[in-house]
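What follows draws every value from the coordinates through simple rules; no lab data is involved. Since we're looking at a predicted model, the values are computed, not measured. Reconstructed Cβ throughout: ideal geometry from the backbone, glycine too, with neighbour counts over all protein chains shown.
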Amino acid sequence: MSAKMLSGLEPGAEIAFAAPAHAVPPAVVRLGRDLFEGHGFRVRAAENATHDEDDDVLHKLAGPDEWRIQETNRLFNDPSVEAICCLTGGYGVMRILDRLDFAALKKHPKVVCGFSDITALHSAIYAKTGMSSLHSPNVDSAPLHPLTESAWFAALRGFPVEAPSELVASMCDDSPMETWRGGEAEGVLLGGNLTLVSALMGTPYAFPRDRDVILFIEDVGEFAYRIDLMLLQLWMAGAFQRVKGLMLGRFRKRERQQNEEAPGLLEDVMKLFRQRLKIPILANVPFGHVKLNLTLVHGASIRLNADEQSWRYIESDRSGKGNHEKRRAG
């Protein structure tokens, strides 16, 4: 199944800010509105965006499950909305996946943006519709680093950034990408936050195992043993059977206790795991929970060359509504 690559947005397109997970303060909505309106888009926000006081589960979610389901489905069903940008991650998307109207999203195609907990939404969208989406910053990432902003809005306009390119090179100035295993591979680019990729295994929303995949994963705030546990769970579940290439993000520490782990322990764990894989591996790619967060097209066909530290999006099937030949930025 080829990903259905949606057309780039034109000036004046309507963007909806969604809150399927945690709520955000009103100031985040205002800052995001200024950002998108500055790029020529019209903006509206879901009604539940700032209502964590109504959450009866964790007291952080953007309202009860029913409300988050209702608001997300309302945006899926609205043909005037051309893109849905998630306000934040945190937690909560998996609680509502089984009641989201993916048929409506397929009927009214629109690009969905976000990362972290939004990985669950990206994975479900691809599993249920075959549509691509943007693994991008969340709205609450603003103010954005200029390179992060350039990559995100280029992708929204239909020009996803590839490598090699000046933009990717600039993102890697202080922390270069690394070739952990050379080679070339092609497949559908799927993945995101490792915690969610692992948690979705065994559900109808996991990435498929009936086609070649280029897997991209990252995480933040996880101890080395937890990363090892999740990678091994994917391995034992057979998730790597059709994975032809691997792009690793920057697995950043966050808690004080993690900073007290032995230096290099996480990298050692991951390098030990790579011995199980006989596929190209490109590490330290700038995406995910980092300031320099490169937008990737989840669900797009891609060609990875780990030796050259490059990737190119491959023209996909243009037969469906909203499909087009994907434009590229380099």
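With n ≥ 4 as the cut-off for DSSP H runs, can you work out [θ] at 222 nm for the chain, using -39500 (n - 2.57) per run divided by the number of residues, rounded to the nearest 500?
-8000 deg cm²/dmol
Taking H as built 1.01 Å from N, whose amide H comes closer than 5 Å to the amide H of residue 163, not counting residues under 5 places away?
Answer set, sorted by chain and number: 311.
Given region 166-313, what percent of its DSSP beta bridges are antiparallel, to the nearest 5?
45
Note down the Stokes-Einstein diffusion coefficient of region 166-313 in µm²/s, whole number, using a Kirkwood radius over alpha carbon pairs, 25 °C, and 0.890 mPa s.
158
If you put +1 on each Lys and Arg Cβ and -1 on each Asp and Glu Cβ, how big is the dipole of the chain around its Cα centre, in Debye rounded to 20?
Using only the charged Cβ atoms, the result is roughly 900 debye.
Would you please calculate the Kirkwood hydrodynamic radius of region 14-156 over all C-alpha pairs and express it in Å, rounded to one decimal?
14.8
Once you sort the root eigenvalues of the Cα gyration tensor of region 19-88 as a ≥ b ≥ c, which label holds: rounded (a/c under 1.5), prolate (a/b larger than b/c) or oblate (the other case)?
oblate
Throw me the Rg/Rh for the chain, computed over C-alpha atoms with Kirkwood Rh, two decimals.
0.94
Which of the trypsin sites (Lys or Arg not before Pro) across region 176-244 are loop residues per DSSP, with 12 or fewer other Cβ within 10 Å?
none
Each residue of region 194-211 in order: what ³J(HN,Hα) in whole Hz does its phi give by Karplus 6.51 cos²θ - 1.76 cosθ + 1.60, θ = phi - 60°, with x for Gly and Pro?
Values per residue, Gly and Pro as x: 4, 4, 6, 4, 5, 5, 7, 4, x, 10, x, 10, 6, 5, x, 10, 10, 8 Hz.
Cβ under 14 Å from residue 231's Cβ, residue 231 left aside: what net charge do those residues give with Lys, Arg +1 and Asp, Glu -1?
It works out to a net charge of -2.
Mind giving me the FRET efficiency for residue 241 and residue 145? R0 is 45 Å, r the Cβ-Cβ distance, nearest 0.05 is fine.
0.75
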